[in-house]
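Since the structure comes first, as structure tokens, the remarks are kept for the end.
The values are calculated or read from the model by the stated rules, or taken from the named source; none is laboratory data. Please read these numbers as outputs of a predicted model, since none were measured by experiment. Note that we place each Cβ from the backbone using ideal geometry, even for glycine, and neighbour counts take in every protein chain shown. Remember, those area values only see protein heavy atoms, side chains included, never the ligands or the DNA or RNA. Shrake-Rupley method; radii C 1.70, N 1.55, O 1.52, S 1.80 Å.
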Amino acid sequence: MTDTQKIPYKIYLEEHEMPKQWYNVRADMKNKPAPLLNPGTLKPMTAEELGHVFCDELVKQELDDTTAYFDIPQEIQDFYKMYRPSPLVRAYCLEKALDTPAKIYYKFEGNNTSGSHKLNSAIAQAYYAKQQGLKGVTTETGAGQWGTALSMACAYLGLDCNVYMVKCSYEQKPFRREVMRTYGANVTPSPSDTTNVGRQILEKFPGTTGSLGCAISEAVEAATSREGYRYVLGSVLTQVLLHQSIIGLETKAALDKYNITPDIIIGCAGGGSNLGGLISPFMGEQLRGEKKYRFIAVEPASCPSLTRGKYAYDFCDTGMVCPLAKMYTLGSGFIPSANHAGGLRYHGMSSVLSQLYDDKMMEAVSVEQTSVFEAATKFARIEGILPAPESSHAIKVAMDEAMKCKETGEEKTIVFGLTGTGYFDMVAYGKFNDGDMSDYIPTDADIQKSLSGLPEVNL
Ligand SMILES: *Cc1c(COP(=O)(O)O)cnc(C)c1O
């Protein structure tokens, strides 16, 4: 029997095989990620302090680095069943086109209306807000995927949803905005005159088209200045990684059904939530000394926090209202050049992935956007799925690794995360199709300049 007959194009899980718990990789880390600090006192943030900003149950998850498994509440499991399990696809067509002996699998998270993995955490965060009896939540969105996911989750649970959308996206991506409004969200272009921090930024930089860091500051202020509201965040935080572990747990369960052990696991890294979620159960095995894998984080050359940033405490937002996090960072003042992978434009990285990277438990590479769009186009034509520019970073490196196997003749098994679809990114595809896309890579001087603004923390 050939391999092709044995392993289906898509490996699904039956309903009863779906994970019922999330996995918290911190429980198996010897070197725990550094705690969030209060920017005023430089002391670790307490549950009480965090509770002013985040929902109580999410604060518990954020601070817990010893409990390995958290039960997924039944209502969230039921919601997951509407669009999960997401398919784990054997990329037979791609393998053939590349003429590689490598076996390539991808976990496709674009199978829901929001178009990305972000819904996995959005429903969890909205659920805990509802449980706490809150009226609503506030958040920021850059490219729009997170705002869309949260709007869907809030609509499902009947929560008020307020999204601060980076102004340039608000103007450039009217369809994203309308999807959010269709699901009942209030969408405000940021910076706006509805918050103090927004008004200050507008005064200092009139005509600015905004940034993610600035929108975070506005959303936090909007939550903390109103009764019955909390702030929610779509990436970076460890609670988000925990929810996204559903990706890795499903992947592992599906592979285990066919006794497949991956050699290389690849994901794009913006704030680190999809990659962290995908690798978590595998990383757990590696941390416990049971198995060894190659994990590769892929980031854009225009925003290279792991590959060229510094491991230090930094602000999570431009307005410096959020706690300090220890992470690989380019500095909170770093403004990446116009890059079309909006979801990968964050200056920092999850503190969990930062610690794992610092401990040499995983690798990181950066890639330039024209090569990413070349890979995306090739993938679309061969495998059929039109990938998000963010996801295409992982595609690019998966293809590179498959081509290395062709040279060496090794039959490695490669798994990568395909985080979403690119339907709302056609302006970027248009630029690429017209040959108008460029690759801007920050100079060392650019990075040094923004790193000079790091806060002084001597612990
Ligand atoms: C937000 C997003 C990313 C990056 O975020 P992570 O937290 O690093 O996973 C990647 N792909 C898509 C499609 C996204 O929407």
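Which residue out of 236, 240 is under 22 Å from the mean Cα position of the chain (by Cα) and at pLDDT below 95?
236 is the lone residue from the list that is under 22 Å from the mean Cα position of the chain (by Cα) and at pLDDT below 95.
Condition test on residue 149, is it farther than 22 Å from residue 426 by Cβ and part of a helix (DSSP H, G or I)?
No: the conditions fail for residue 149.
Note down all Cβ pairs under 6 Å where the first residue falls in the range 144-159 and is at negative phi and hydroxyl-bearing (Ser, Thr, Tyr), the second is in a helix (DSSP H, G or I) and more than 10 Å from the ligand (Cβ to nearest atom), and they're at least six residues apart or on different chains.
Close Cβ pairs (under 6 Å, with a partner that is in a helix (DSSP H, G or I) and more than 10 Å from the ligand (Cβ to nearest atom)) amount to 148/179; 148/180; 151/180.
Can you tell me which of (1) within 30 Å of residue 425 (Cα to Cα); (2) within 16 Å of the ligand (Cβ to nearest atom); (3) not β-branched (Val, Ile, Thr) is the one residue 325 doesn't meet?
Every listed condition holds for residue 325 apart from (1).
Can you list the strands (runs of 3 or more DSSP E) lying wholly within the range 178-288 that have 2 or more residues being more than 16 Å from the ligand (Cβ to nearest atom) and of a type in the set (S, T, N, Q)?
So the answer is 186-190.
I want to confirm something. Restricting to the range 147-165 and keeping residues that are open to solvent by 10 Å² or more (accessible area, probe 1.4 Å) and not hydroxyl-bearing (Ser, Thr, Tyr), which single residue is farthest from the ligand (Cβ to nearest atom)?
It comes out as 158.
Just checking, does the range 113-128 include any residue being under 30 Å from residue 231 (Cα atoms) and touching a Phe, Trp or Tyr at 6+ places or on another chain (Cβ under 6 Å)?
Within the range 113-128, one or more residues are under 30 Å from residue 231 (Cα atoms) and touching a Phe, Trp or Tyr at 6+ places or on another chain (Cβ under 6 Å).
Can you tell me which residues in the range 422-445 are assigned to a helix (DSSP H, G or I) and either open to solvent by less than 80 Å² (accessible area, probe 1.4 Å) or farther than 18 Å from residue 168 by Cβ (or both)?
Matches in the range 422-445: 423, 424, 425, 428, 429, 430, 432, 433, 444, 445.
Scan the range 328-366 for residues that are among the hydroxyl-bearing types (Ser, Thr, Tyr), within 14 Å of the ligand (Cβ to nearest atom) and at pLDDT below 95 and report the count.
Matching residues across the range 328-366 total 1.
Inside the range 325-382, can you point out the residues that are out of contact with any strand residue (DSSP E or B) (no Cβ under 9 Å at 6 or more places or on another chain), within 19 Å of residue 244 (Cα to Cα) and either part of a helix (DSSP H, G or I) or of a type in the set (Gly, Ala, Ser) (or both)?
If the condition is that a residue be out of contact with any strand residue (DSSP E or B) (no Cβ under 9 Å at 6 or more places or on another chain), within 19 Å of residue 244 (Cα to Cα) and either part of a helix (DSSP H, G or I) or of a type in the set (Gly, Ala, Ser) (or both), then 352 is the only one that fits.
Of all residues in the range 338-395, how many are aromatic (Phe, Trp, Tyr), under 17 Å from residue 419 (Cα atoms) and open to solvent by 10 Å² or more (accessible area, probe 1.4 Å)?
Summing the residues that are aromatic (Phe, Trp, Tyr), under 17 Å from residue 419 (Cα atoms) and open to solvent by 10 Å² or more (accessible area, probe 1.4 Å) in the range 338-395 gives 1.
Under 8 Å between Cβ atoms, which residue pairs at least 6 apart in sequence (or on different chains) link something in the range 270-283 that is β-branched (Val, Ile, Thr) with a partner that is within 8 Å of the ligand (Cβ to nearest atom)?
These pairs meet every condition: 279/267.
Scan the range 96-135 for residues that are in a helix (DSSP H, G or I) and within 16 Å of the ligand (Cβ to nearest atom) and report the count.
7
Please work out if residue 261 is modelled with pLDDT of 95 or more, surrounded by 24 or more Cβ atoms within 10 Å (Cβ to Cβ), of a type in the set (S, T, N, Q) and over 14 Å from the mean Cα position of the chain (by Cα).
no
In this structure, does residue 140 turn out to be touching a strand residue (DSSP E or B) at 6+ places or on another chain (Cβ under 8 Å) and either not assigned by TED's automatic domain parsing to the domain that holds residue 89 or not in a strand (DSSP E or B) (or both)?
yes
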